[in-house]
Amino acid sequence: MSNCLYITATEAQSGKSAVALGVMEMLHRRIGRVGFFRPIINVADENERDNDIELISSYFNLDIPYEKMYGYKMSEVTELAAQDREGEIIDGILSRYNELKESCDFILVEGTDFSEATAAIELVVNAAIINNLGCPVLTVANAFGKDTDEIIQSINILTDSFTDRGCRVVGTIINRTGKGVGRKVIAALKSKKQFKDQLLYSIPDDEILGNPTVKEVAENLNAGILCGKEQLNRNVRSFTVAAMHLRHFLPRIKPGTLIITPGDRADIIIASLGVVASNTMNNISGIVLTGGLKPDPSVMKLVKGFALMVPIISVKGDTFVTASDVQRIHAKLSADNERKIHRALGLFDRHVNAPRLGDIVVKTKTTIVTPKMFEFRILQQARRNRKHIVLPEGEEERILKATEILLRRNVVDITLLGEEKRILERISILGLKMDSINIIEPAKSGYLDDFVKTYFEMRKHKGITMEHAYDTMCDVSYFGTMMVRKGIADGMVSGSVHSTAATIKPAFEIIKTKPGFSIVSSSFFMCLKDKVLVYGDCAINPDPNAAQLAEIAISSALTAKTFGVEPLVAMLSYSTGESGKGADVDKVREATKIAKEKAKKEFTGLKIEGPIQYDAAVDAAVAKTKLPKSDVAGKATVFIFPDLNTGNNTYKAVQRSAGAIAVGPVLQGLNHPVNDLSRGCLVTDIVNTVALTAIQAQME
């Protein structure tokens, strides 16, 4: 097994960080503890941090101190090289690398950028590091603005340079290619002997990834933020200098234009904001006010009254110097721009065969399953057979942000419920991009009459009227649930702003339980540092009887198996084995007996133990003393709690005290998947729950 991979590039601005992001995700799907290391970083001063380390560390939640993820700063390398002390460079880098290696199963190493001033030094240093670490090499070639011959030449030079120094290049990714260029380059390279056994992929140029954000512009210009701080991640697709009359200025505006104008041009400022509010003009990305001039208070008061705001920043330089500076700014992937990150990952997924790349680099798998690995697995599993999920809370900000991620990553198809005008307005204000998103207003939908009739027929025995049925079906939760029943959607996720009852009650009435199931229950996936456990039922049933508890055990085991967790079921109690007495432990003992009988018919080979205490279920040493012959004790993966009070408190205690990530609750026993969110959920929680729901739909 190779325990590292080295990524390097043909030149600066090759998009190496985007490739590193995609490779890191691939590694996290397969390996437990993955580290990130940069032998040499190029930072301007002592206080500046390397962007790629910050990006990878933040997105993948690496529990590694920043200082342990690099060897030297470029200024230190240059100084040592000038003193003929190159050997110290390698020794120092290897020392830092080996420190990191002690706590990681695999390390992704990102090489230097090959800037013009230090390219010769960097090539020698990179090759020496590669050989000393024994890393296979993945090269990234910059294709932006180049013809086929230029691209091939740059790849040949770098590959030959590394091969001549004894390095093994396993693949090349040609990044930012123009239309059809990637195929031509790959065909030409495959005709050459040195590339016959290499993996060759091309990733097309992406305008959004290639353009800077307003935040990057502000940072590069050392600008002050006057307005629209929350909109700084808007992409700058072009810029225009507005020093002319409005009739000449307005036709110059294109989608994503950055307006550069003197700070005292109130007419341009107000006109630009009018463009943002207009339905007939292209939207701009932001406004740069030059000359150190700021609008007077009356203008600023007017500006702040606009409902739709864009970033307005102020710089000291004059207009044309500022325009020249903006033109030289290069885009980058930063830790705080999730839109760009998910766009880059989506491109990598579509154009690079990550499993094949992983097979070349990684020969064996570990048994460790981290939270990030679990997340990647469910996204990948959901993506294999895309399902259609309805989200009733379409006007909620977190739902919209999650929707963009899910669509960008091609995980599911989505329908949003709510007032179409408000949803589109929220998408615009948040700066999200969701082309042709499907939105349904229940009260205006062509489905409504059929839904009302169906609901009336289902519930008329309860005494409801047609008017009641109509009002009920106009509710987004009921409407979404009926979409699932009718097969218009494959599943529903709600609860970010609605109560659990508002999500579950429609499911009880409309979707109902599967044949053979008497109750709906729930499971949480508890993602610990190195494994994933399943807890049930921690959200629905207050005090299940023995038969219901047995049903929860079988349902939770099926849920675990569905999501790649081998089910070893522990029926929890305050007593282990036959020693305990009392109604509570007797209930668990009876439930275990029923569950084992059900498993013989419904889940062949399922291993169940109970009653058992939590410590005996998870600790091999305790299990050896209390239940030495058990197949479950000491290694349980599915934990069934005797009541809601115990289950809910335990999962929250583990979540807070052990730093576990709780994914769920996943509802079990319904005919079709409906899942509930916590009202305090994060965007990531929504993404994960939608993916889980899609996988449940795949299993029907």
Next item on the list: Please work out which one of (1) outside any strand (DSSP E or B); (2) at pLDDT 90 or above; (3) among the aliphatic types (A, V, I, L, M); (4) open to solvent by less than 50 Å² (accessible area, probe 1.4 Å) is the condition residue 570 fails and give its number.
Entry: (1)
Note to self: Tell me the residue from 464, 504, 519 that is in contact with a helix residue (DSSP H, G or I) (Cβ under 8 Å, 6 or more places away or on another chain) and under 24 Å from residue 559 (Cα atoms), please.
What the structure shows: 519
Next item on the list: Please enumerate the residues belonging to region 650-661 that are open to solvent by less than 70 Å² (accessible area, probe 1.4 Å) and either modelled with pLDDT of 85 or more or assigned to a helix (DSSP H, G or I) (or both).
Entry: 650, 651, 653, 654, 655
Margin query: Among the residues of region 374-392, what is the count of those that are open to solvent by 10 Å² or more (accessible area, probe 1.4 Å) and in a loop (DSSP other than H, G, I, E, B)?
Written below: 3
Note to self: Return the pair list, or none, for Cβ contacts closer than 8 Å from residues in region 30-52 that are on the phi < 0 side of the Ramachandran plot and among the small types (Gly, Ala, Ser) to residues that are surrounded by 21 or more Cβ atoms within 10 Å (Cβ to Cβ) and part of a helix (DSSP H, G or I), at least 6 apart or on different chains.
What the structure shows: 32/373; 35/69
Note to self: Anything in region 494-504 that is in contact (Cβ under 8 Å) with a residue 24 or more places away in the chain, open to solvent by 60 Å² or more (accessible area, probe 1.4 Å) and either among the small types (Gly, Ala, Ser) or in contact with a Phe, Trp or Tyr (Cβ under 9 Å, 6 or more places away or on another chain) (or both)? List them, or say none.
What the structure shows: none
Notebook entry, point to check: In region 614-633, what residues are surrounded by fewer than 21 Cβ atoms within 10 Å (Cβ to Cβ) and in a loop (DSSP other than H, G, I, E, B)?
Noted result: 619, 627, 628, 629, 631
Next item on the list: Answer with yes or no whether residue 58 is of a type in the set (Ser, Thr, Tyr) and in contact (Cβ under 8 Å) with a residue 60 or more places away in the chain.
Entry: yes
Item checked: Matching residues in region 368-397 - criterion: being closer than 16 Å to residue 33 by Cβ and modelled with pLDDT of 90 or more -> none
Notebook entry, point to check: If you go through region 106-149 one residue at a time, how many are modelled with pLDDT of 85 or more, acidic (Asp, Glu) and more than 30 Å from residue 180 (Cα to Cα)?
Noted result: 0
Note to self: Whether any residue in region 410-426 is in a loop (DSSP other than H, G, I, E, B), open to solvent by less than 40 Å² (accessible area, probe 1.4 Å) and farther than 29 Å from residue 692 by Cα is what I want to check.
What the structure shows: no
Next item on the list: Look at residue 454 and say whether it is touching a helix residue (DSSP H, G or I) at 6+ places or on another chain (Cβ under 9 Å), among the β-branched types (Val, Ile, Thr) and in contact (Cβ under 8 Å) with a residue 40 or more places away in the chain.
Entry: no
Note to self: Tally up the residues in region 283-331 that are under 29 Å from residue 210 (Cβ atoms), open to solvent by 60 Å² or more (accessible area, probe 1.4 Å) and not aromatic (Phe, Trp, Tyr), please.
What the structure shows: 6
Notebook entry, point to check: Condition test on residue 174, is it of a type outside the set (D, E, K, R), over 17 Å from residue 11 (Cβ atoms), modelled with pLDDT of 85 or more and under 33 Å from the mean Cα position of the chain (by Cα)?
Noted result: no
Margin query: Quick test for you: out of 261, 213, 280, pick the one residue that is open to solvent by less than 60 Å² (accessible area, probe 1.4 Å) and under 28 Å from residue 434 (Cα atoms).
Written below: 213
Next item on the list: Just one of (1) open to solvent by less than 60 Å² (accessible area, probe 1.4 Å); (2) out of contact with any Phe, Trp or Tyr (no Cβ under 9 Å at 6 or more places or on another chain); (3) of a type in the set (Lys, Arg) trips up residue 176, so point out which.
Entry: (2)
Next item on the list: Among the residues of region 128-147, write down those that are surrounded by fewer than 21 Cβ atoms within 10 Å (Cβ to Cβ), small (Gly, Ala, Ser) and under 29 Å from residue 98 (Cα atoms).
Entry: 128, 134
Notebook entry, point to check: Of the residues that sit in region 583-612 and are under 17 Å from residue 646 (Cα atoms) and not in a helix (DSSP H, G or I), which one is most open to solvent (accessible area, probe 1.4 Å)?
Noted result: 610
Notebook entry, point to check: Within the group 647, 680, 664, which residue is buried (at least 24 other Cβ atoms within 10 Å of the Cβ) and under 23 Å from residue 402 (Cβ atoms)?
Noted result: 664
Item checked: Residue that is surrounded by the fewest Cβ atoms within 10 Å (Cβ to Cβ) [pool: residues in region 148-173 that are under 21 Å from residue 356 (Cβ atoms) and aliphatic (A, V, I, L, M)] -> 170
Notebook entry, point to check: Quick one: which strands (runs of 3 or more DSSP E) sit completely within region 194-286 and have at least 2 residues that are within 23 Å of the chain's Cα centre (by Cα)?
Noted result: 199-204
Item checked: Residues satisfying the stated conditions in region 65-85, i.e. in contact (Cβ under 8 Å) with a residue 40 or more places away in the chain and within 35 Å of the chain's Cα centre (by Cα) -> 74
Margin query: Yes or no: region 214-223 includes at least one residue that is free of Cβ contacts under 8 Å to residues at least 60 places away in the same chain and either over 30 Å from residue 163 (Cα atoms) or touching an Asp or Glu at 6+ places or on another chain (Cβ under 8 Å) (or both).
Written below: yes
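The values are calculated or read from the model by the stated rules, or taken from the named source; none is laboratory data. Here the structure is a predicted model, which is why all the values come from computation and not from measurement. Note that we place each Cβ from the backbone using ideal geometry, even for glycine, and neighbour counts take in every protein chain shown. Protein only, heavy atoms only, side chains kept; ligands, DNA and RNA dropped before computing areas. Shrake-Rupley method; radii C 1.70, N 1.55, O 1.52, S 1.80 Å.
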